[in-house]
1. For the list (1) closer than 18 Å to residue 128 by Cα; (2) in a helix (DSSP H, G or I), I need the number of the one condition that residue 84 fails.
2. Quick one: in region 110-137, of everything that is part of a helix (DSSP H, G or I) and touching a residue at least 40 places away in the same chain (Cβ under 8 Å), which residue is nearest to residue 53 (Cα to Cα)?
3. Regarding region 3-15, can at least one residue be identified that is among the polar types (S, T, N, Q) and buried (at least 17 other Cβ atoms within 10 Å of the Cβ)?
4. Would you point out the residue of region 90-126, among those that are modelled with pLDDT of 95 or more and over 15 Å from the mean Cα position of the chain (by Cα), that is surrounded by the fewest Cβ atoms within 10 Å (Cβ to Cβ)?
5. Testing residue 95 on (1) assigned to a helix (DSSP H, G or I); (2) free of Cβ contacts under 8 Å to residues at least 24 places away in the same chain, one condition comes back false. Which one is that?
6. Tell me, please, whether a residue that is loosely packed, with under 13 Cβ neighbours inside 10 Å and in contact with a helix residue (DSSP H, G or I) (Cβ under 8 Å, 6 or more places away or on another chain) can be found in region 38-54.
Amino acid sequence: MNEVTVGGRPRALPDRTVRRVVEAVLAGERRQARVSVTFVGREGMRRLNREYKRHDVPTDVLAFSLAGPDGIVGDIYVCPWMARREAAARRVAFREELIRLVVHGTLHVLGHEHPENGRREHSPMWRRQERYVEALA
């Protein structure tokens, strides 16, 4: 059974929207998971990124996953400050970019990966992500 919790301040998307997005990706991927999505500020995201990825800069989304006896448990952290910058750079709505990041994090929780270079937007994971964003945004 899926379980989605939402936390952090400020909430950049309504909790029901976050739950709908995560549940749609889990259903589309035919997977079950317990997922928490937490919105964090720029400095909080920078600290998380430094601690877990060794990059001392804020990032837009981080996702962590554990496979246990009760299934997949995942934590997703989204930085609205970075999302706003990405949305402006992509010329898309802030809400769409936030949905993109929740989808992206959920796919990572489920084990999907992409290259860490300029090819990431041409990867199978990115294409899968964009299909979900188109349907959900």
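1. It is condition (1) that residue 84 fails.
2. Taking region 110-137 first, the residues part of a helix (DSSP H, G or I) are 118-122, 124-136.
Narrowing further to those that are touching a residue at least 40 places away in the same chain (Cβ under 8 Å): 132, 135-136.
On the way: 132: 26, 135: 31, 136: 29 Å.
The residue in question is 132.
3. Narrowing region 3-15 to residues among the polar types (S, T, N, Q): 5.
With buried (at least 17 other Cβ atoms within 10 Å of the Cβ) added as a condition, the list becomes none.
There is no residue in region 3-15 that is among the polar types (S, T, N, Q) and buried (at least 17 other Cβ atoms within 10 Å of the Cβ).
4. Among those that are modelled with pLDDT of 95 or more and over 15 Å from the mean Cα position of the chain (by Cα), it is 91.
5. Among (1) assigned to a helix (DSSP H, G or I); (2) free of Cβ contacts under 8 Å to residues at least 24 places away in the same chain, residue 95 violates only (2).
6. Checking region 38-54: not a single residue is loosely packed, with under 13 Cβ neighbours inside 10 Å and in contact with a helix residue (DSSP H, G or I) (Cβ under 8 Å, 6 or more places away or on another chain).
The values are calculated or read from the model by the stated rules, or taken from the named source; none is laboratory data. No experiment lies behind these values; they were computed from the predicted model shown. Please note: Cβ atoms are built from the backbone with ideal geometry, for glycine as well, and neighbour counts cover all protein chains shown.
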